[in-house]
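Following: one structure in structure tokens, then a few remarks.
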Amino acid sequence: MIDNTLKRTLIETFVRKTLRDIKDSPERGIRNLVDMALNFSKGRFQTRFFQTAQRLLSNEHSAYYRLVRNIAQNIDHERLLRFGMNIGYNGCTLGAKRIREIEAAEGFNIPWALFLEIDSRTFPERGDAYGALLRQGKELGIYTWFLHADEFADGLFDLMAGHEDCAFILFCEPDGEFEQVLDRAAGLNHLMLSIALEDRTEAACRRLREREMLYAIHMEYSPKNMKDILNDNLLYDTQNMNATFTAFMPAENTTREEREILYDYIVRKREEQGFATILWETVRDVLEIDTVISDDGCSAGFRPDGSFFTLAGQRRDTDCNLFSSDLKDILKRFLKK
């Protein structure tokens, strides 16, 4: 049996070659990559994902071919490889296997990804706690982390640099601190920035392209802007800014019905393949992936005060939070099977 290190090396070698081929022929190159991945897929998530990709790419007029060409020609290949392998192999292959084993043996749910909301003012004194959280997460099979800090926190990039086997998605604003964020992010191939959609976003995306970085654009959806989203206006904007992903985040005042309407729209647009950007609902799609990985799906994270939250709501428990308890104990307490 091939050990995991050798298997990863073989996959990386093939992917590097394919990325070079895609520059010349995106259609053939991406189809070859998907076909190979499907042949070697073992887990449920990988098999379903690549079957879906194979079906979508059977449409020769798909806008995703334009997206693939943009990615292959404009993003540093080492970034693509590192970030993709950390999510696809570490997170959804090795990590997913570990998650299923622990869940079956110990009877509690483990999210495949965690959301972290970080207070930059208190981060310096709590950096060790976040470092412990990442280490504990990897022991449980969690390699994907969605981060949001209210302001620039230099130590946060040091934290991510110390976990090169993880994939990080950092939500940030294209504000006056963006150049600091960009300078630190440029040295981390396992990090993708997601930029809030506003007037300064186009300039921020231009700077990201200059550095050949992978990036997304995100926006909060609410009753105020649902009409603009559903008439495709926002997708035209994010596509024109060459965003690989367009992410939607629900505002607190959105109803369950509004969230369902938005998610139905996202699924329909992905199937139509009319836009060269991949639509993503930050909460629902994370939950959908988790459901495939381990049946009993969950989407969870931690607020700035360390309290634990899930889709069902926030758990404010001073005796059991990020800064007072181990991750495994928190999940056992709040996410029992």
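Bear in mind that the values in this text are calculations on the coordinates, not laboratory data. Since we're looking at a predicted model, the values are computed, not measured. Here Cβ is always computed from backbone atoms with ideal geometry, including for glycine, and neighbour counts include all displayed protein chains.
Annotation for segment 103-142 versus segment 185-210: alpha-carbon center distance of 25 Å.
When the helices of the chain are scored as -39500 (n - 2.57) per DSSP H run of n ≥ 4 and the total is divided over every residue, the value at 222 nm lands at -16000 deg cm²/dmol. Please grab the % of Cα pairs in segment 202-255 that end up more than 18 Å from each other. Result for the distance tail: 37 percent. For Lys138, list the aspartates and glutamates whose Cα falls under 12 Å from its own Cα; do not include residues on the same chain fewer than 8 positions away. Here the aspartates and glutamates satisfying the reach criterion relative to Lys138 are Glu164, Asp165. P(r) tail, segment 84-147: Cα-Cα pairs separated by more than 17 Å, 45% of all pairs. Phi-derived couplings, Karplus 6.51 cos²θ - 1.76 cosθ + 1.60 at θ = phi - 60°, listed residue by residue for segment 70-77: 4, 5, 5, 8, 10, 10, 3, 5 Hz, with x used for Gly and Pro. One quarter of the surface of the convex hull around the alpha-carbon atoms of segment 164-236 equals 5.6 nm², the direction-averaged projected area. Largest first, the extents of the alpha carbon coordinates of the chain on the three principal axes equal 56, 53, 40 Å. Rounded to whole numbers, the Karplus 3J(HN,Hα) couplings from phi for segment 83-93 are 5, x, 5, 5, 7, x, 8, 5, x, 9, 10 Hz, using 6.51 cos²θ - 1.76 cosθ + 1.60 with θ = phi - 60°, and x at Gly and Pro. Here Lys17 is the anchor, and the lysines within straight C-alpha reach of less than 17 Å, apart from those fewer than 8 places off in the same chain, are Lys7. Here's the list of lysines a cross-link from Lys224 could span, going by alpha-carbon distance under 22 Å and ignoring same-chain residues fewer than 8 apart: Lys269. Both radii were evaluated on the Cα set of segment 208-305; the Rg over Rh quotient, with Rh as the Kirkwood radius, amounts to 0.99.
Considering segment 109-176 at the alpha-carbon level, its Rg and Dmax are found to be 11.9, 40 Å.
Size of the dipole of the chain about the Cα centre, Lys and Arg at +1 and Asp and Glu at -1 on the beta carbon, nothing else charged, in debye to 20? Spell out each step's value before the answer.
Working: 45 positive and 55 negative charges, 277 e Å.
Once rounded to the nearest 20, the dipole reads 1340 debye.
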